[in-house]
1. Residues that are over 17 Å from residue 13 (Cβ atoms) and either touching a helix residue (DSSP H, G or I) at 6+ places or on another chain (Cβ under 8 Å) or at pLDDT 95 or above (or both): does the range 137-149 have at least one?
2. Of the numbered conditions (1) in a helix (DSSP H, G or I); (2) farther than 30 Å from residue 43 by Cα; (3) at pLDDT 95 or above, residue 133 satisfies every one except a single condition; which is it?
3. Pull up the range 1-15, narrow it to residues that are assigned to a strand (DSSP E or B) and out of contact with any helix residue (DSSP H, G or I) (no Cβ under 6 Å at 6 or more places or on another chain), then point me to the one that is farthest from residue 85 (Cα to Cα).
4. Tally the residues that are touching a strand residue (DSSP E or B) at 6+ places or on another chain (Cβ under 6 Å) and surrounded by fewer than 24 Cβ atoms within 10 Å (Cβ to Cβ), restricting the search to the range 1-15.
5. Do we have residue 125 as within 18 Å of residue 14 (Cα to Cα) and surrounded by fewer than 13 Cβ atoms within 10 Å (Cβ to Cβ) here?
6. Take residue 18 and decide whether it is in a strand (DSSP E or B), under 13 Å from residue 87 (Cβ atoms), in contact with a strand residue (DSSP E or B) (Cβ under 9 Å, 6 or more places away or on another chain) and touching a residue at least 12 places away in the same chain (Cβ under 8 Å).
7. If the requirement is being modelled with pLDDT under 95 and under 19 Å from residue 145 (Cβ atoms), which of these qualifies: 51, 72?
8. Limited to the range 90-108, what total is found for residues that are touching a helix residue (DSSP H, G or I) at 6+ places or on another chain (Cβ under 6 Å) and free of Cβ contacts under 8 Å to residues at least 60 places away in the same chain?
């Protein structure tokens, strides 16, 4: 299964694509979509760059599904609103390409990739490098996106299979509730 991870940001959005065959993970591609060349007041133009960029990534790498980071309110409400709009542009582009979109919090991604939900970005970068046998550290945005894809490969796909099989109670059901506290579109 080919999975696309998206780490949304208004200035820089990270993407990462992996192949998952059972427990085996293989790196396909990663990078960023940048709007830094545009004026900060040009919000519609920046959102269009994100929408088009995510669409181009989907067309180029043909993922089977996608995972996107869930955003939480931070200290600055205006920043949160802008980030939410960037995230919306990314999700809309994915849905426009008929992809199923799973959502995970940063804490869930760090827990799945590093084993500690409050891990530093450098720890995520190092673990993503190890898990995917990369020759160097990915950028922080690309590492987060690859981490989201890895999270979905390990948690989302397995838990979706359990749910389809009817294992909704007990430990499996509790894990599904913990990981799927986000949303799936």
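1. Residues of the range 137-149 over 17 Å from residue 13 (Cβ atoms): 137.
Filter once more, so that each one left must be either touching a helix residue (DSSP H, G or I) at 6+ places or on another chain (Cβ under 8 Å) or at pLDDT 95 or above (or both): 137.
Yes, some residue in the range 137-149 is over 17 Å from residue 13 (Cβ atoms) and either touching a helix residue (DSSP H, G or I) at 6+ places or on another chain (Cβ under 8 Å) or at pLDDT 95 or above (or both).
2. Of (1) in a helix (DSSP H, G or I); (2) farther than 30 Å from residue 43 by Cα; (3) at pLDDT 95 or above, only one is false for residue 133: (1).
3. As a first pass, look at the range 1-15 and keep what is assigned to a strand (DSSP E or B): 2-7, 12-15.
Next cut, out of contact with any helix residue (DSSP H, G or I) (no Cβ under 6 Å at 6 or more places or on another chain) only: 2, 4.
On the way: 2: 26, 4: 20 Å.
Among those that are assigned to a strand (DSSP E or B) and out of contact with any helix residue (DSSP H, G or I) (no Cβ under 6 Å at 6 or more places or on another chain), it is 2.
4. So in the range 1-15, the residues touching a strand residue (DSSP E or B) at 6+ places or on another chain (Cβ under 6 Å) come out as 1-7, 12-15.
This time we only want the ones that are surrounded by fewer than 24 Cβ atoms within 10 Å (Cβ to Cβ), so: 1-2, 12.
Going through the range 1-15 one residue at a time, the tally reaches 3.
5. Values: within 18 Å of residue 14 (Cα to Cα): yes; surrounded by fewer than 13 Cβ atoms within 10 Å (Cβ to Cβ): no.
No, not satisfied.
6. Working: in a strand (DSSP E or B): yes; under 13 Å from residue 87 (Cβ atoms): no; in contact with a strand residue (DSSP E or B) (Cβ under 9 Å, 6 or more places away or on another chain): yes; touching a residue at least 12 places away in the same chain (Cβ under 8 Å): yes.
In short, no.
7. On the way: 51 fails: modelled with pLDDT under 95.
Going through 51, 72 in turn, just one is modelled with pLDDT under 95 and under 19 Å from residue 145 (Cβ atoms): 72.
8. Matching residues across the range 90-108 total 2.
The values are calculated or read from the model by the stated rules, or taken from the named source; none is laboratory data. Only a predicted model underlies this, so the values are computations on that prediction, with no experimental measurement involved. Positions of Cβ are generated from backbone atoms using ideal geometry, with glycine treated the same way; all protein chains shown enter the neighbour counts.
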